[in-house]
1. Of all residues being over 15 Å from residue 94 (Cβ atoms) and touching a strand residue (DSSP E or B) at 6+ places or on another chain (Cβ under 6 Å) in the stretch 34-44, which is surrounded by the fewest Cβ atoms within 10 Å (Cβ to Cβ)? Just the residue, please.
2. Regarding residue 12, is this residue surrounded by fewer than 16 Cβ atoms within 10 Å (Cβ to Cβ), under 14 Å from the mean Cα position of the chain (by Cα) and either without any contact (Cβ under 8 Å) to a residue 40 or more places away in the chain or farther than 20 Å from residue 97 by Cα (or both)?
3. Please determine, by comparing only the residues of the stretch 74-89 that are within 17 Å of residue 20 (Cβ to Cβ) and part of a loop (DSSP other than H, G, I, E, B), which one is nearest to the chain's Cα centre (by Cα).
4. If you check residue 52 against the conditions, is it part of a strand (DSSP E or B) and more than 21 Å from residue 93 (Cβ to Cβ)?
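The values are calculated or read from the model by the stated rules, or taken from the named source; none is laboratory data. Computed from a prediction, not measured in an experiment: that's the story for all the values here. Heads up, the Cβs are rebuilt from the backbone with ideal geometry, glycines too, and the neighbour counts pull from every protein chain shown.
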């Protein structure tokens, strides 16, 4: 696992920060809280400016810790990127994971 982003939470419950990997450099990314249209719909849509490139779902770990399950995708990606947004010492960290187990 690797930290690929750092975020802060604003008063509207949105997360603002940056995402950086060897090939991805998003200086201003926002997880915008959205109204869920059904149980499977994401809790957040992820934007860089006006461009949507991901979604996130609120989850709870086996240790009873809240986190966001994140899927980033773009036509330039070979495959989607799966990560978790977790509470960190200062703000929130976006932690990348290579594979995803079935829910």
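1. Narrowing the stretch 34-44 to residues over 15 Å from residue 94 (Cβ atoms): 34-43.
Filter again for touching a strand residue (DSSP E or B) at 6+ places or on another chain (Cβ under 6 Å), leaving 34, 42-43.
On the way: 34: 14, 42: 20, 43: 18.
Looking at the filtered set, the residue picked out is 34.
2. In short, no.
3. 74
4. On the way: part of a strand (DSSP E or B): yes; more than 21 Å from residue 93 (Cβ to Cβ): yes.
For residue 52, the condition - part of a strand (DSSP E or B) and more than 21 Å from residue 93 (Cβ to Cβ) - is met.
Conditions tested, residue by residue: (1) part of a loop (DSSP other than H, G, I, E, B); (2) modelled with pLDDT of 95 or more; (3) under 12 Å from the mean Cα position of the chain (by Cα).
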{"site": "28", "(1), (2), (3)": "no, yes, no"}
{"site": "31", "(1), (2), (3)": "no, yes, yes"}
{"site": "92", "(1), (2), (3)": "no, yes, yes"}
{"site": "102", "(1), (2), (3)": "yes, no, no"}
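Listed here are the residues, each with its yes/no results for (1) assigned to a loop (DSSP other than H, G, I, E, B); (2) within 20 Å of residue 75 (Cβ to Cβ); (3) under 12 Å from the mean Cα position of the chain (by Cα); (4) at pLDDT 95 or above.
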residue: 7; (1), (2), (3), (4): no, no, yes, yes
residue: 16; (1), (2), (3), (4): no, no, yes, yes
residue: 19; (1), (2), (3), (4): no, yes, yes, yes
residue: 22; (1), (2), (3), (4): yes, yes, no, no
residue: 35; (1), (2), (3), (4): yes, no, no, no
residue: 38; (1), (2), (3), (4): yes, no, no, no
residue: 42; (1), (2), (3), (4): yes, yes, yes, yes
residue: 47; (1), (2), (3), (4): no, yes, yes, yes
residue: 57; (1), (2), (3), (4): no, no, yes, yes
